[in-house]
Amino acid sequence: MSPQPRQTVAIIGAGASGVSCLIQLVFKQIIRRSSTPLSLLLFERKEEFGPGLAYGTGQEGHLLNTKAGLMGIMPGERQHFVSWMQAHRAMIEKEYPDVDIHENAYPPRMLYGSYVKDMLETYTQLAKEHGITIEKVAEEITDLDFTEDKILHLTTSGGQVFTSHYAILATGNPTPSAFQEFEKLPSFLMSPWPTSILLETIHDKTASVGIVGSSLTAIDALITLTNNGHRGPIHFFSKTGQLPRVQSPTEVGVDRKHLTLSNIRKLIREQTRTLRVKDLIRLFRKEAEEQLGYSPDWSRDERSEKDALTLLQEDIVLAREGSSVFQNILYDMREEIYDIWQLLPVDQKQLFAKWINPFFSINRHAIPLANGEKMAQLFESGQVRMIGLSEDITWDGKKFLLHQQDGSVSDVDFVINASGPATKIEQMTDQPLLQALLEKGYIQAYGAGGLVVNLQTLQVKSERKDLPLYALGQPLSGIQHEVNSLWFNVEQADLLTNHLLEHL
């Protein structure tokens, strides 16, 4: 009997999500005792495989924004990272003496990057022992073709061509789509990543810097600068003028009575209609009133009336007490948010992104307490300030002018674009592969962002039937929610790899 032909799977992107796919393909193939030989191609446009931009920052001050107890890279084993830290306690105590090793800790992201690299190395060796070949290619895939013989041809930026039977798009975060007109100006950085370029560009420690946005990514840029001795003024330039809230050291459970998946499904069934954003707003308010014990004046946005430092100081107190009700509700909903998202039609998802997401994000994606306290000190010193109600940025030939809605203008020497990754496929211009796939009709844009996949299998839906192409993470921003949460992507990789292996 002739041996089965070897099947090849290409994983495009070797960040944490791509590595999770590789790990799962390796151990599931071994467990299945499949007679089909398997080869894996792992592509990464950076030289380092494993951490990706998120966990390869090289900055110890960049902390995980999710507690360690959720960061396991193995499906169904969210505590796996904590177990790894416990097994490597001696190394951590030597290299990271201030890091706590427990499930509620927020360790440096570079430590998590070491964990991902270790897991990649471990499963690369395990694959070798079981006849699974793994080839790591430090090049970017820029084009892909599906030939009549049902083989994928992948072309790298260097002109090499690789073939595979299946491919997984784990391409990671695209750069922001805003302010593309300044891309070629040397004093404008389209992204805070990688941090090495940021520090090489802003070498004058007294220069004035504007950071577009005020999200967790913007805070990462601030910490990169100040931890490396930057003394000049730094301005957050934000439409909302609001920072994320501060996380409690320990999550506080909430006995939700109104904003639950069960109640939402009941509403849809009894009213025989689709879910609307205003339904979620009504249920959230009812839940918050239940937890607060009183009805706040929802017609007033009290946060918009306070400056950033005042809010930050109040949030630090609430975090220490574990009494930030809005945040506690949303964190308690972690396991239900994605299912609720799937109940919203496309137009309601678009409405959510436009009007509700800023409020949702500052509560759901909060600052670790240690970084919140550090930021408060920077605001108190006067080095950092918030410019809210931003309008536009212009370049006068020497400096950037930050325009506000009230007509006032501030000027800065450098601008860092931390306005958030592009969510529409056609705007992910720094990822040429996605643009090539869109042009060829191999992928379809989803109305609320990202591309279209079968949500049960993560297989791409396209004009080509049964295209052997899968996607994970940021390319699915819009059709999925929480795609910036690794714990969620690990679970999605479980679905993806199960379906792919069934078809080998």
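The values are calculated or read from the model by the stated rules, or taken from the named source; none is laboratory data. Please read all numbers here as calculations on a predicted model, not as lab measurements. Here the Cβ is made from the backbone with ideal geometry for all residues, glycine too, and neighbour counts use every protein chain on show. For accessibility, only protein heavy atoms count, side chains too; no ligands or nucleic acids. Shrake-Rupley method; radii C 1.70, N 1.55, O 1.52, S 1.80 Å.
Here are the numbers for this structure:
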read-out	value
Packing rank of 75-87, 164-176, where each peptide gets the mean count of other beta carbons within 10 Å, highest leading	164-176, 75-87
Extension reserve of the SER304-LEU343 stretch, reckoned as 0.36 nm per residue once the Cα distance is removed	11.0 nm
Positive-pole candidate from VAL252, SER304, GLY322, dipole of region 222-350, charges at beta carbon	SER304
Nonlocal amide H pairs with ILE134, under 5 Å, H built at 1.01 Å	LEU40
Cα-based Rg of region 348-422 normalised by 2.2 N^0.38 Å, two decimals	1.37
Mean-position separation - Cα centroids, region 329-354 and region 235-254, in angstrom	19 Å
Carbon/sulfur fraction of accessible area - the chain, other protein chains in place, 1.4 Å, %	49 percent
1.4 Å probe accessible area per residue over the chain, in Å²	44 Å²
Cα gyration tensor category, rounded, prolate or oblate, for region 47-188 with a/c compared to 1.5	oblate
Percent of alpha-carbon pairs separated by more than 25 Å within region 181-320	51 percent
Where labels lie 7 Å past Cα in the beta-carbon direction, separation of GLU321 and LYS128 in nm	5.7 nm
Rotationally averaged projected area of region 331-386 (alpha carbon convex hull; nm²)	5.2 nm²
Cβ-derived FRET efficiency at R0 25 Å, THR250 paired with SER295, nearest 0.05	0.35
Contour minus Cα-Cα distance for ARG231 and GLN79 (0.36 nm per residue)	50.8 nm
Cβ-based charge dipole, region 1-125, positive-most Cα from ILE30, MET119, ILE73	ILE30
Only Lys, Arg (+1) and Asp, Glu (-1) charged, at Cβ; the chain dipole about Cα centre in debye	1020 debye
Förster radius 56 Å - calculated FRET efficiency between ARG273 and LYS94, Cβ distance, rounded to 0.05	0.40
Helical contribution to [θ] at 222 nm, DSSP H n ≥ 4, -39,500 (n - 2.57), averaged over the chain, rounded to 500	-11000 deg cm²/dmol
Set of lysines with alpha-carbon distance to LYS424 below 26 Å, sequence-local pairs under 8 removed	LYS46, LYS184, LYS239, LYS278, LYS349, LYS354, LYS440, LYS461, LYS465
Reduced Cα scattering model of the chain, Debye log10 I(q)/I(0), q = 0.06, 0.11, 0.13 Å⁻¹	-0.29, -1.01, -1.41
